[in-house]
Amino acid sequence: MQPAIAPQLRPKFQHRYRTHLILFGLTLFTTSFTPAFEFFWSAIVFGLFHPAKLLPTFVEGFGVFTPQLFISGLSYSLPLLTILGAHELGHYFQCRRYNVDATLPFFIPLPLPPTGTLGAVIRIRESFPSKRALFDIGVAGPIAGFLMLLPFLYVGIQLSPMIRVTDPRIGLHLGDPLLVQALVKLRYGTVPPGYDVLLHPMGFAAWWGLLATALNLMPFGQLDGGHIVYALFGHRARYASIATVTTAALLMFRSLSWASVTMMMLVMAFFLGVGHPRVVDEDTPLDVRRKLVALFALLMFTLSFTPVPIQTFFGK
């Protein structure tokens with residue numbers, strides 16, 4: 001007879017450190033050179049319409065990638081990656097606390113303006129043991145990212161000049177979340193008509209952090225907000241998911257920037273459904289302390305949300 005051999009369990013929290021470092025380095029490159037990529041792709045598009053000038057415009061576009069521009073871009077890229085990293089590490093350390101297998105953050109480079117990145121993610125490799133664990137893991141990321149962005153936002157707005165706007169119908173216009181409005185008012189008081197505040201790169205990074213916080217806290221599916229709502233209300237969270245994707249679709253009539261968010265949620269709904277996967281312990285409810293934290297998450301969402309995140313105007 002052969003002795004029974006116990007199955008070998010794969011060790012948890014095994015990481016591909018080289019992959020994480022390479023992706024971080026590429027994302028640091030694409031975010032630091034965001035203005036260069038804007039000029040580079042504009043030059044390439046111009047060259048495509050003027051074939052005789054394609055090579056000169058390519059050389060001109062490639063020539064903007066200078067060490068000086070990279071160093072100046074760090075005032076945007078380092079705060080942004082710090083905020084995104086804090087968000088994902090908030091999830092990760094709570095996963096370690098509950099022994100839920102997860103990866104370190106994967107940063108996602110994007111050589112396109114205006115962000116230079118698609119953010120960062122971690123992969124959770126197993127089911128959540130309880131609603132309390134689901135809640136703690138889900139809410140930890142937004143809290144960590146939000147607290148990390150606050151000093152960057154404050155300093156960034158202090159460094160942001162007030163400028164006279166010659167034509168408000170030209171350029172990239174960012175929506176003003178309540179927190180940004182409050183800090184601008186604290187800095188400048190009431191901004192007079194015909195003027196606007198030009199966000200310093202550090203403030204711009206914090207603004208993206210606010211947008212990421214608001215989007216992640218939307219009560220949909222397996223977003224962070226979906227985790228929180230499921231931990232609070234169980235299977236009834238599916239109704240919040242349906243209401244959220246419907247609201248995002250309606251907001252497209254205010255701003256086309258909601259189109260990508262709506263499409264993302266529709267894709268998630270198609271492949272994963274609007275419901276949330278069950279956890280191992282469905283019966284233990286959240287305690288009072290966690291319900292208070294859920295109210296704080298609602299406050300973060302309220303301070304971070306703007307119905308018109310981005311608008312681009314090209315003049316008359």
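None of the figures in this text is laboratory data; all of them are computed from the coordinates on show. None of these values were measured; they are calculated from a predicted model. Cβ sites come from the backbone with ideal geometry, for glycine too, and all protein chains shown count toward neighbours.
Does region 185-316 come out rounded, prolate or oblate, given a ≥ b ≥ c as the square roots of the eigenvalues of its C-alpha gyration tensor, rounded meaning a/c under 1.5 and, failing that, prolate meaning a/b above b/c? Working shown, then result.
Numbers: a/c = 2.99, a/b = 1.62, b/c = 1.84.
Oblate.
Taking amide H positions as placed 1.01 Å from N in the peptide plane, with prolines and chain starts having none, which residues 5 or more places from LEU110, or on another chain, fall under 5 Å of its amide H?
When sequence neighbours closer than 5 places are left aside, the close amide H contacts are THR117, LEU118.
Hey, what do the phi angles of region 195-203 turn into as Karplus ³J(HN,Hα) couplings, whole Hz, using 6.51/-1.76/1.60 and θ = phi - 60°, x for Gly and Pro?
Coupling constants for region 195-203: 10, 8, 9, 8, 4, 5, x, 5, x Hz.
Where Rh denotes the Kirkwood radius from the mean inverse Cα pair distance, what is Rg over Rh for the chain? List each step's numbers first, then the result.
Working: Rg = 22.1 Å, Rh = 21.6 Å.
Here the Rg-to-Rh quotient is 1.02.
If you average 1/r over all unlike Cα pairs in region 218-276 and invert the result, what Kirkwood radius do you get in angstrom?
On the way: mean 1/r = 0.0892 Å⁻¹.
Across region 218-276, the inverse of the average 1/r is 11.2 Å.
Could you tell me whether region 90-160 comes out rounded, prolate or oblate from its Cα gyration tensor? Rule is a ≥ b ≥ c as square roots of the eigenvalues, rounded for a/c under 1.5, then prolate if a/b exceeds b/c, otherwise oblate. List each step's numbers first, then the result.
Numbers: a/c = 3.64, a/b = 1.64, b/c = 2.22.
It is oblate, given that a/c is not under 1.5 and a/b is not larger than b/c.
Towards the positive end of the charge dipole of the chain, with charges on Cβ (+1 Lys, Arg; -1 Asp, Glu), say which of ALA212, LEU295, ILE122 has the farthest Cα.
Of the listed residues, the answer is LEU295.
Ordered by residue, what ³J(HN,Hα) values in Hz, to whole numbers, does region 142-153 give under the Karplus form 6.51 cos²θ - 1.76 cosθ + 1.60, where θ = phi - 60° and Gly and Pro are x?
Running phi through 6.51 cos²θ - 1.76 cosθ + 1.60 with θ = phi - 60° gives x, 5, 4, x, 5, 5, 5, 6, 4, x, 5, 5 Hz.
Hey, what do the phi angles of region 301-308 turn into as Karplus ³J(HN,Hα) couplings, whole Hz, using 6.51/-1.76/1.60 and θ = phi - 60°, x for Gly and Pro?
4, 5, 6, 9, 7, 9, x, 10
Only Cα pairs within less than 10 Å get springs; with that Gaussian network setup on the chain, which residue of THR103, THR246, THR190 has the largest fluctuation?
Judging by the Gaussian network model, the answer is THR190.
Which residues' amide hydrogens lie under 5 Å from the amide hydrogen of SER257, considering only partners 5 or more residues apart or on another chain, with H built in the peptide plane?
Here the answer is ILE310, since their amide H atoms fall under 5 Å of that of SER257.
Springs between alpha-carbon pairs under 10 angstrom, Gaussian network model over the chain: which of GLY156, GLY189, GLY221 fluctuates most?
Comparing GLY156, GLY189, GLY221 in the GNM, the peak value goes to GLY189.
Whole Å is fine, so just give me how far the alpha carbon centre of region 177-210 lies from that of region 23-67.
29
Per-residue ellipticity at 222 nm for the chain, helices alone: DSSP H runs ≥ 4 residues times -39500 (n - 2.57), over residue total, nearest 500 deg cm²/dmol?
Numbers: 11 runs with 185 residues, N = 316.
Helix-only estimate at 222 nm: -19500 deg cm²/dmol.
To the nearest 20 debye, what is the magnitude of the charge dipole of region 34-142 about its Cα centre, counting +1 on the Cβ of each Lys and Arg and -1 on the Cβ of each Asp and Glu?
Working: 7 positive and 6 negative charges, 70 e Å.
With Lys and Arg at +1 and Asp and Glu at -1, about 340 debye.
Cα centroids of region 261-316 and region 73-105: how far apart, whole angstrom?
A separation of 18 Å, based on Cα centres.
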